[in-house]
Ligand code: ADP
Ligand code: ZN
Ligand code: ZN
C-alpha cells in the first residue's frame, strides 16, 4: 500500500510525498505517521491512500504509525481549499483547525524498547552486529530514558539512518510526547468475568455480588465505594480470574447543566412553509444545497433549526450548528440540549485544551450528535455530517482577523456544503449583503419568516434627536423621552435594556450640534483622527485634512465624539432613578466562567429591572419580560471608518431593538442619535431591510466595494516605522509593475497605527478581474522578498478595515 503524506515542515510547503506502508501497519487518512525526509525523520499526515502500482524503487517506507486518524476522509480537500484561497501554508491551516496540543512540533522522542518487550525471535538471538551509526544512537539512548528527536540529531551525526536500523530490529521506538492537553484522560475500570461463588471467601462473594448489581463494568473508584471494598480485594479477585482490571480512556465531562426536556412546538404557518421549503430544496439532486432563512427577530428561527435537525439525527447523521462568539449563550445551548438530550456538545475556544481535545475525539466517533460551536467549529471532523446551520450568518465574529488563515466560517461552510454534499442553512434577521445578493427573495433558496410568533408585533422605534436635547440644554446621556419612559418602568415593574456601543472608536470627528461627520471624499468612509500631526486621515487611501476648529457645516464648536462606558451609565442611572436595580452585562462583568449564565439568570428571575450592556446584548437573548430597549448613542456605530459601517450599524441596531417585546407585552425602542436622517436610522425605525440593502448595494457598486469587487488587504507590521513604510511601498511598486491594472488603495496607516510599539500599515487591493487578478496577487506575494523586520499578514475578503 502507498500513501501520500503531508510533511509537517515549513520547507515542504503544501506538497505531499508518497511513501510505502509496511505490511502490518494499518494507516488511514488523517493518521499521523513518522517518515524519512531527506536525512531526517519527520512526522506528517496521511492525506490519501493510493494504488500500489505507482511505486518506484525510490519510494521510501513509513517508519511508524504515530497516531490514528484525526479527521475523516475528504476533509483534506476542504483544508487545501482554505490554504489556497486564504494564501496560507497548509501547516498554518492545520494549526488553526486542530485542537491545541496535537500539532506541537519537535514532540517526537525516541527510547529503547526494554529487552522483554522486543520481538521474541530477536531477543532470543544474539545481537546482530550494529552499524557504527546505529551503535552511536544506541549508546546515546542508553544514557537517558528517552531523548527528543532533535536532541538526538544534535548528539549523533546522521542519527536518522542509525535510528531506522534500530527501529527495524525492534530495539528502539519513537513516540509522541503528548502534552497534558492532548493526553486522553484514563480511568481504571473493574469488569466482572464470572460470579460463581466456589472457592471464594464470603467477603469476596459479597464484592462480586455488588459488582454484578452495578452491571458489568464499573470505574474502580465507584466500585470501591459501592461494594465497600479495597483495591487489594479487587486485585486478589483479578488474580483469581474473576474480574479484570484495566485502564480505559474516558472523555472529560463535557455536558452542560441538565435541562428540562422539551417537545417540538406546533409551527406557525410561515415556519411550516420555511421548513417544507428547506426540506424540498435539500431533497432535490444536489445542485443547490444552500438556503437562506431570513426571519425577523422573534420569528422562531431556532424552532425551524430544531425541526430540521431532528430527522437528520434519526437518519444516524450529525448536525453542526454554528453561532457567533457572543451568541453562544447558555440560553441557546440549553434549547438544543432540551430538544436532543445527551446529544449536544459545544466546541469553542473558551474550552480548556483538554476539553477541546476530547470533544474532537468525540466528534470522530460515528455517533449521531449535535455540535454547537463558534467559528472554528466549521472544521468539526464529524463523520456523518448531515446538516450545517449558520445562525446569525451576518455576524462579524465568523471572520478570523488573525492569525492567518483569515477565513470566514460562512465561506468555509459553503465550500464544505459543496464538497461534501451537505445541506447548509444560513439564518439571520439581517442577512449580510453578500448573502442577500446570493439568495434574492425571488430565488427558491430564500425562506422568509416575516412575522413574530403568536402574532406579536414588531417593537415601535422612537427616534430621539440628540441635537435638540443639546440645544435645549440637556447634556445628560438620557434624552427627556428616555427619562420619562424609565420613570414609567419604575412604576410598571417591567424590564428594560440599555445598550451602548463601547467598541466605537473615539477617533472620528462628529458635530454634536448638527450631526455632521467628516468623511473621505474618495472612499466614503469616516476620516480618523491621528494624534501625530493632529490631522484627519483616510486610512484607505491616505487622503489627509487638517482638524477643523469648528463644524464646517454649522460652525458649532461642539466637535467631538463623546462616549461613556457602561459603568458611567449605571452611575448616572442610579442617580436619576435610585429605585431601579440594574445589572451590567459586558466584557468586564462576564470574564469568569459561568458569569454569562449567572447575570442572565438573575435578570430573568427579576432580581434587576435594567440590563446595561454592549454588543453582547445583541444576540441570542430571549428575555420575554423586556418591554423597553434604549439605545444611548447610535452614532458610534454609524460612523465607524469602514465601508461596511452602515450595514453593520443596521444589523446591530435591528438586533438590539429586536430584544424588545418578545413576550406577551409589546415592546418599545428609544433610539437616540445625532443623525436622525441617516438612512440606517430610517431603516431601523421602519424595519425596512430590503430597501435599505438595495440602497447599500448601489453605493457599493458605485464606489467599487464587495460584493462587486474582491478586496485583499495586506498588513505590514513591525517595530521600526521606516522599515514598515518602506516594505509596504516596495510591495506596492512590485505589484504595480507586475499588474498595472490592479487597483491599489494606499499604503496607508491603519486606524490604530501603533499597537504595543508595533507600527501598522496596510495596502488595500481591489480585484475586479476575478480569479485571474487573484492569482496575480498570490504570485506577487510569493515572489516578494519582504523585509526581515516587517511581518506581512494577508487578509482575503477582509471584514474590518481598521
Ligand atoms: P429568533 O431566533 O427568530 O429571534 P426564537 O427562535 O428565539 O426567535 O423564538 C422566539 C420565541 O418564540 C421563543 O421564546 C420561542 O420559544 C418561541 N416560539 C418559536 N416558535 C414558536 C411556535 N411555533 N409557537 C410558539 N412559540 C414559538
Ligand atoms: Zn455642525
Ligand atoms: Zn480615502
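Computed from the coordinates by the stated procedures, all read-outs in this text should not be read as laboratory data. Because the structure is a prediction, the values reported are computed rather than measured. Positions of Cβ are generated from backbone atoms using ideal geometry, with glycine treated the same way; all protein chains shown enter the neighbour counts.
What the table below lists for this structure:
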{"read-out": "Ranked 309, 752, criterion: other C-beta atoms within 10 Å, fewest first", "value": "752, 309"}
{"read-out": "Ordering of 288-301, 596-609, 310-323 by burial proxy (mean other Cβ atoms within 10 Å per residue, highest first)", "value": "288-301, 310-323, 596-609"}
{"read-out": "Convex hull projection area averaged over all views, region 399-476, Cα basis, nm²", "value": "10.6 nm²"}
{"read-out": "Sorted largest first, extent of region 691-802 alpha carbons per principal axis (Å)", "value": "47, 31, 16"}
{"read-out": "Sequence of 671, 720 once ranked by neighbouring C-beta atoms within 10 Å, starting from the fewest", "value": "720, 671"}
{"read-out": "Sorted by Cβ neighbour density within 10 Å, fewest at the top, the residues 357, 516", "value": "516, 357"}
{"read-out": "Largest-first principal axis extents of the Cα set of the chain (Å)", "value": "100, 75, 53"}
{"read-out": "Fraction of antiparallel bridges per DSSP, the chain only, in percent to nearest 5", "value": "60 percent"}
{"read-out": "Theoretical gain in end-to-end length, residue 325 to residue 246 [0.36 nm per residue, Cα-Cα removed]", "value": "24.4 nm"}
{"read-out": "Semi-axis lengths (Å, descending) of the ellipsoid that matches the C-alpha gyration tensor of region 302-364", "value": "20, 16, 9"}
{"read-out": "Per-selection metrics, region 265-313 (Cα): Rg and Dmax in Å", "value": "11.0, 33"}
{"read-out": "Over region 599-757, volume per residue of the alpha carbon convex hull, in Å³", "value": "157 Å³"}
{"read-out": "Rg over Rh, two decimals, region 333-461 (C-alpha only, Kirkwood Rh)", "value": "0.99"}
{"read-out": "Net length gained if the chain between residue 314 and residue 756 were fully extended (0.36 nm per residue, minus Cα distance)", "value": "153.9 nm"}
{"read-out": "The chain: angle of helix 202-214 to the longest principal axis, Cα-based, in degrees nearest 10", "value": "40 degrees"}
{"read-out": "Extension reserve of the residue 729-residue 350 stretch, reckoned as 0.36 nm per residue once the Cα distance is removed", "value": "132.5 nm"}
{"read-out": "Helix axis angle, 353-364 relative to the chain longest principal axis, alpha carbon, degrees", "value": "80 degrees"}
{"read-out": "Where labels lie 7 Å past Cα in the beta-carbon direction, separation of residue 555 and residue 448 in nm", "value": "4.9 nm"}
{"read-out": "Modelled FRET efficiency - R0 45 Å, residue 201 with residue 139, Cβ distances, 0.05 increments", "value": "0.25"}
